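Comments concern the structure below.
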Amino acid sequence: MEGISIFALIIGAIFVNNVVLAQFLGICPFLGVSKDVKSSLGMGAAVLFVMLLATLVTYPLYYYVLVPAHLEYLQTIAYILIIAALVQMVEIILKKIAPSLYQALGVFLPLITTNCAVLGVAILVIQKNMNLLQSVVYSASIAIGFTLALVIFAGIREHLDLTGVPKGMKGVPIALVTAGILAMAFMGFNGLVPLP
């Protein structure tokens, strides 16, 4: 990824190639945790933290362990184990060192273990041949884009709870229609910057 600027990488990851709305990664927390804005912000912060940490650990693992040992085919399995272990480690450390932060993140940390967006980004930075700086910027931008989509979607869902949605459309149906409209709105950013 030599020819792309950091600015284009950030804008592309947040708006143009949004992890939820364009790549369809992280749909479970997108639909499940987006009932209110406060929990969406908590989930977004937890995803940002874990995604950055996972990228910082999996990138060197791939280039300094898997590639020299010719074990690139174990990438997905190794990443799943690393991400699960990282989340558990972070949970234990936060519980001991910062109980208030641990309480604030609450159930979001265990949910991230099964968030395919974290695994997807760890794999994408390798597939796109990014260097470490680009990988960190890309993963942070992807997490910000995930949070942005989650918060916007949560705000819309909170507003829909106060309006007269027809009985047959309440709950999941109106959420899916809303997610589709939100994805189409984000498609308006296509062409803004070259895709990473």
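The values are calculated or read from the model by the stated rules, or taken from the named source; none is laboratory data. Because the structure is a prediction, the values reported are computed rather than measured. Virtual Cβ from ideal backbone geometry, glycine too; neighbours counted across all protein chains shown. Only protein heavy atoms, including side chains, enter the accessible area calculation; ligands, DNA and RNA are left aside. Shrake-Rupley method; radii C 1.70, N 1.55, O 1.52, S 1.80 Å.
General remarks:
- For region 26-37, 3J(HN,Hα) per residue [Karplus equation, 6.51 cos²θ - 1.76 cosθ + 1.60, θ = phi - 60°, Hz, x = Gly/Pro]: x, 5, 4, x, 4, 7, x, 9, 8, 7, 9, 5
- Accessible area expressed per residue, the chain, with surrounding protein chains retained (probe 1.4 Å, Å²): 51
- Extending 7 Å from the Cα toward the beta-carbon at both Ala98 and Gln127 defines two label points whose distance is 3.2 nm.
- Per-peptide average of other Cβ atoms within 10 Å, ordering 85-93, 165-173, 142-150 highest first: 142-150, 85-93, 165-173
- Prolate/oblate/rounded label for region 81-196 (Cα gyration tensor, a/c 1.5): oblate
- About the centre of its Cα atoms, region 85-192 shows a dipole size close to 100 debye [charges on the beta carbon of Lys, Arg (+1) and Asp, Glu (-1) only; nearest 20 debye].
- GNM remark for the chain: springs join alpha carbons under 10 Å apart, and the peak mean-square fluctuation among Ser135, Ser40, Ser100 falls on Ser100.
- In the list (i) 75, 40, 34; (ii) 60, 31, 25; (iii) 60, 46, 27, the label attached to Cα extents along the principal axes in Å as derived from the coordinates here is (iii).
- Label sites at Tyr63 and Val37, each approximated as a point 7 angstrom past Cα along Cα to Cβ, lie 4.0 nm apart.
- Positive dipole terminus of the chain, leading residue within Leu41, Gly12, Gln75 (C-beta point charges): Leu41
- Vicinal HN-Hα couplings computed from phi for region 178-190 (Karplus, 6.51 cos²θ - 1.76 cosθ + 1.60; Hz; Gly/Pro x): 4, 4, x, 5, 5, 4, 5, 5, 5, 5, x, 7, 4
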